[in-house]
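First up is the structure itself, then whatever we jot down about it.
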Amino acid sequence: MVAQKWDYSEHRQKVGRPPVSQETVDLVLRFARENVSWGYDRIQGALANLDHEVSDQTIGNILKAHGIEPAPDRKRQTSWKVFLNAHWDVLASIDFTAIEIWTTGGLVTYYLLFVMERKTRRIHLAACTSTLGDDFMKQVARNLTDPFDGFLQDKRYILMDRDASFSAAFRTVLEEVGVEPVRLPEQSPNLNAHLERFHLSIKSECLSRMIFFGVKSLRRAVSAYLDHYHRERNHQSLGNRLIEPDHNVGRIDGEIECRERLGGMLRYYYRAAA
């Protein structure tokens, strides 16, 4: 009874800092994401301008709880994304993939060199060859930068790995016409993920399912796949849309028909025109 009589715990005021409002949390996260060089003190000052008073320790706790690194690390992690966003309209990627074909001389490895326009995901086959060298690659660079029909028209940057085929001579031809090669760090395929994804798609949907006898059969298959890829294949990264839809896409009338390529390996369903 004595303990109960003198227990004033119900009337005691709770101590400690008041909880941080959701609005403050949202502002901390926004400032950190939109300003990669801002540290805790800079964010604290920006919040004070808006009448939100929080300590730098609280700001650090909020960022840590949401998986956001301190300013120096955050800047390193997001600088690549900032670069891509800033140059998305004038950016391309280039990379090789390989396939083995049967020839009169036996099994031969052929190298397929693809270039991607990052904004649209359009793909261009720049080379299909069993031998690579400086002279060959310099001619590839000239073809890509041709002022009349080069795939790299209006492009300022092209991403590439450190494959020896992307030699100084190859890069110089590009630089001379205003296309700057951006060489990626070693073992960083995630920095060229869109083109890596295309390589996976063309192999799993086409090349790995066929046996090629001669380079002509390989070229025909790649050509058919690229037509399908651009005009008939929906792309999740583009909102599940086609890259080059024709005027009949979205029709609500007409018989449903199927267009087949490569013996039915690739199929596209559409409504026939009335």
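Read the figures in this text as sums done on the coordinates, not as results from a lab. If you're wondering where the values come from, they're calculated on a predicted model, not measured in any experiment. Using ideal geometry, Cβ is built from the backbone for each residue, glycine included, and neighbour counts are taken over all protein chains shown.
Compute, for the chain, the length of the dipole vector about the Cα centre, with Cβ point charges of +1 (Lys, Arg) and -1 (Asp, Glu) only. Units Debye, rounded to 20.
Approximately 420 debye in magnitude.
Rounded to whole Å and sorted largest first, list the principal axis extents of the Cα atoms in region 19-86.
Here the spans come out as 37, 21, 19 Å, largest first.
Between GLU100 and ASP246, how many nm apart are label points set 7 Å from Cα along the C-beta direction?
Taking the simple label geometry, GLU100 and ASP246 are separated by 3.8 nm.
Could you order peptides 93-100, 130-137 by the average number of other Cβ atoms within 10 Å of their residues, highest first?
93-100, 130-137
For the Cα atoms of the chain, what angle does the longest principal axis make with the long axis of helix 193-205, in degrees from 0 to 90, nearest 10?
For 193-205 against the chain, the angle is about 50 degrees.
Principal axis extents for the chain, Cα atoms only, whole Å, descending order, please.
103, 54, 37
Round to the nearest 10 and give me the degree value, 0 to 90, for the angle of helix 22-34's Cα axis relative to the longest principal axis of the chain.
Relative to the chain, helix 22-34 is tipped by roughly 40 degrees.
If I take every Cα pair under 8 Å that is 6 or more residues apart in region 88-214, average their sequence separation and divide by the length, what percent do I get for the relative contact order?
Once divided by the residue count of region 88-214, the mean separation gives 26 percent.
At PHE83 and PHE213, where each label point lies 7 Å from the Cα along Cα→Cβ, what is the point-to-point distance in nanometres?
Between PHE83 and PHE213, the simple spin-label model gives 4.7 nm.
What Kirkwood hydrodynamic radius do you get for region 88-214 when you take the inverse of the mean 1/r over all pairs of distinct Cα atoms, in Å?
Every distinct Cα pair counted, the radius reaches 15.3 Å.
Rg/Rh for region 135-177: what does it come to with C-alpha atoms and Rh from Kirkwood?
On the Cα set of region 135-177, Rg over Rh gives 0.94.
For the chain, what is the calculated [θ] at 222 nm in deg cm²/dmol (nearest 500), taking -39500 (n - 2.57) for each run of four or more DSSP H residues and dividing by its residue count?
Value at 222 nm, helices only: -11500 deg cm²/dmol.
Around LEU242, under 11 Å between beta carbons, what's the net of Lys plus Arg minus Asp minus Glu among the other residues?
Here the count lands on +1.
Sorted from largest down, what three extents in whole angstroms do the Cα atoms of region 156-250 have along their principal axes?
44, 36, 27
Could you work out how far apart the two model spin labels at ASP149 and ARG231 are, taking each label as a point 7 Å from the Cα in the direction of the beta carbon, and quote it in nm?
So the two model labels end up 1.7 nm from each other.
Less than 18 Å from a label point 7 Å out along the Cα-to-Cβ axis of GLU257: which backbone N atoms in region 204-237 qualify, by residue?
Residues 228, 231-233 qualify, since their backbone N sits under 18 Å from the label point.
With angles folded into 0 to 90 degrees, how steeply does helix 215-231 sit against the dominant principal axis of the chain? Use alpha carbons for both and round to 10.
Between the helix axis and the principal axis of the chain, the angle is about 40 degrees.
Given the Cα-Cα distance of ARG156 and TYR270 and 0.36 nm per residue of separation, how much length would full extension add, in nm?
37.3 nm
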